[in-house]
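Single-structure report; data block below.
Read-outs: derived from the displayed coordinates by stated rules, not from any lab. Note that the structure is a prediction, hence the values are computed from the model and not measured. Virtual Cβ from ideal backbone geometry, glycine too; neighbours counted across all protein chains shown.
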Amino acid sequence: MVNILITGVAGFIGSNYVHQVLVKNRGTQIIGLDKLTYAGNIENLTSIINEDDFIFIKGDICDRKLLEKIFHKYEINQIINFAAESHVDRSIHDPQVFLKTNILGTQTLLEVAKTHWSIDTSWKTGCKFLQISTDEVYGSLGAEGKFNENTPLDPHSPYSASKAAADLIVQAYHDTYGIPMNITRCSNNFGPYQFPEKLIPLIIHNALHHKKLPIYGDGRQIRDWIYVLDHCDAIDIVLRNGISGNIYNIGGNNELENIQLVKEIISILNELTEDSSICNNLIEHVTDRPGHDRRYAIDSSKIESDLKWQRRFIFSDVLRTTIQWYMDNPVWIDNVITGEYQKFYEQNYGNR
Ligand code: NAD
Ligand code: TYD
């Protein structure tokens, strides 16, 4: 029996992952842990919260006592660590919580896992720690080349520095104690349930409200966009088949300048809403982000050749369905912005 602890389960990628896994792999017992920060919303899990094979626990990955209880009670044998403070701009304004959750939280999880999984000099069969990391740990590229797994770490923001530190701690627990682990480093995700502070949902939300669309600097920075469910497929494959100790890069093979992407979103919105006032005039170039990385691009050939991962989704199709999802769920956006979901959780699930 696989009893898997999924941290950050109420966030964007964690909630998409758990929906996908529950649909595909009945029989896996999922323990979802989330602190429910501003970015985590229990409503993202509404359709599965009452399923027998899903248990939700509100809590912090830095809380060792709570982790000990969870490990003991549910005999956890795998962890996927999605929990993190995840937004670069917030990390520039308030770095400390990033260091606490992303670094110390990861180390606390590792320590508890080590205690429960090690037997003399070996490890419990099937146990694995999977750290969900980011391409941002590699820093910034010039016009040429892509990040591969051997690219040296060179993070620039407090967010990416904290994620790089977490990756190194995970590697240290593997190299020192032998804990079975993998690290995945993915490019920029998009899809349903993404908090509207990140570029794509922010642009959709602002445009639908005829608000200005802020573009940092010249808008010619490049990101490699991947649909969240392609990322989730890759995570699932690494969890099952990844060779312990290995890092796997995951990319969308889909580089776009921010300004190009924003114009594409405007054009789709224009078509879907038939509202001609949603137009490029809404774009406003604003002061650039300090330390802004210019270009990210991922070489995914290792996971493609070693683990046979392939992307399933076509960017233009899923960009459109993502935009449609945000148009169909205005209440979701309003609620995450105003914190209604936290109140909803306390009222409905506070005593679980
Ligand atoms: P998110 O901000 O949407 O979700 C993070 C979740 O973690 C939230 O539900 C939040 O409540 C929870 N959390 C925060 N601090 C916690 C703590 N101390 N204890 C327990 N839970 C806590 O982020 P996301 O976009 O879903 O990203 C998930 C993971 O994937 C992160 O580790 C991030 O670094 C990584 N990642 C994200 C992207 C991306 O494009 N979004 C790309 C690559 C990697
Ligand atoms: P973001 O979604 O914050 O992801 P990350 O910084 O982790 O790549 O930003 C994506 C890109 O969009 C990044 O180059 C910054 C830029 N950006 C803007 O130009 N305007 C915005 O309002 C936001 C949030 C981001």
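For the chain, the longest principal axis of the alpha carbon atoms and the long axis of helix 258-273 meet at an angle near 70°.
State the volume of the convex hull built on the alpha-carbon positions of the chain, expressed per residue in Å³ and rounded to an integer. Mind showing how you got there, number by number?
Numbers: hull volume 45.8 nm³, N = 352.
Measuring per residue, one finds 130 Å³ for the Cα hull of the chain.
Taking the DSSP beta bridges with both ends in the chain, the antiparallel portion is around 10 percent.
Semi-axis lengths, largest first, of the ellipsoid equivalent to the range 192-278 are 32, 15, 11 Å, with √(5λ) applied to each eigenvalue of the Cα gyration tensor. Remark: the Ala172-Ala143 segment gains 7.2 nm on full extension, using 0.36 nm per residue and subtracting the alpha carbon distance.
Close amide H partners of Phe56, meaning residues 5 or more places away or on another chain with modelled amide H under 5 Å apart, are Gly32.
Taking GluC sites (Glu not before Pro) across the range 254-297, the ones in a DSSP loop with at most 10 further Cβ atoms lying within 10 angstrom of their Cβ are Glu274. Among the listed pairs Lys58/Lys198; Lys58/Lys128; Lys35/Lys211, those whose Cα-Cα separation exceeds 29 Å are Lys35/Lys211.
Peptides 121-127, 146-152, 176-182, ordered by how many other C-beta atoms sit within 10 Å of their residues on average, highest first, read 176-182, 146-152, 121-127. Largest first, the extents of the alpha carbon coordinates of the range 89-173 on the three principal axes equal 49, 32, 16 Å.
Across the range 113-254, the volume of the C-alpha convex hull divided among the residues equals 137 Å³ per residue.
Could you work out [θ]222 nm for the chain from helices alone, using -39500 (n - 2.57) per DSSP H run of at least four and dividing by all its residues? Round to the nearest 500 deg cm²/dmol. Calculated at 222 nm, the ellipticity per residue is -12500 deg cm²/dmol. Taking Ile283, Ile222, Ile119 as the candidate residues, the one with maximal mean-square fluctuation in a Gaussian network model of the chain, Cα springs under 10 Å, is Ile119. Here's how it looks for Phe147: its modeled amide H is under 5 Å from those of Ala297, Ile298, Asp299, which are all 5 or more places away or on a different chain.
About its Cα centre, the dipole of the chain is roughly 660 debye, where the only charges are +1 on Lys and Arg Cβ and -1 on Asp and Glu Cβ.
What whole-number distance in Å separates the alpha-carbon centres of the range 68-133 and the range 212-250? Each part reduced to its Cα centre gives a spacing of 20 Å. If every alpha-carbon in the range 282-329 counts as one equal scatterer, what log10 I(q)/I(0) does Debye give at q = 0.21, 0.23 1/Å? Computed log10 I(q)/I(0) values: -0.95, -0.93. Here the dipole of the range 166-255 is about 340 debye; that uses its Cα centre as origin and unit charges on the Cβ of Lys and Arg (positive) and Asp and Glu (negative). Considering the chain as a Gaussian network with a 10 Å cut-off on Cα pairs, which listed residue, Ile323, Ile247, Ile237, attains the greatest mean-square fluctuation? Result: Ile237 has the largest fluctuation of those listed.
Determine the equivalent ellipsoid of the range 1-94 by diagonalising the alpha-carbon gyration tensor, then write out the semi-axes as square roots of 5 times the eigenvalues, largest first, rounded to whole Å. Mind dumping the intermediate values first?
Working: eigenvalues 100, 54, 23 Å².
Rounded to whole Å, the semi-axes are 22, 16, 11.
Of the three principal axes defined by the Cα atoms of the range 264-346, the extents in descending order read 44, 41, 34 Å. Taking amide H atoms as placed 1.01 Å from N in the peptide plane, the amide H of Asn189 lies under 5 Å from those of Ile226, each 5 or more residues away in sequence or on another chain. For the listed residue pairs Lys146/Lys212; Lys24/Lys302; Lys24/Lys65; Lys212/Lys263; Lys114/Lys308; Lys24/Lys73, the alpha carbons are over 21 angstrom apart in Lys146/Lys212; Lys24/Lys302; Lys24/Lys65; Lys114/Lys308; Lys24/Lys73. What translational diffusion coefficient, to the nearest whole µm²/s, does the range 174-224 have by Stokes-Einstein, given a Kirkwood radius computed over alpha-carbon pairs, a temperature of 4 °C and 1.567 mPa s viscosity? Once the numbers are plugged in, D ends up at 92 µm²/s.
Computed from Cα positions, the angle between helix 106-117 and the longest principal axis of the chain comes to roughly 30 degrees.
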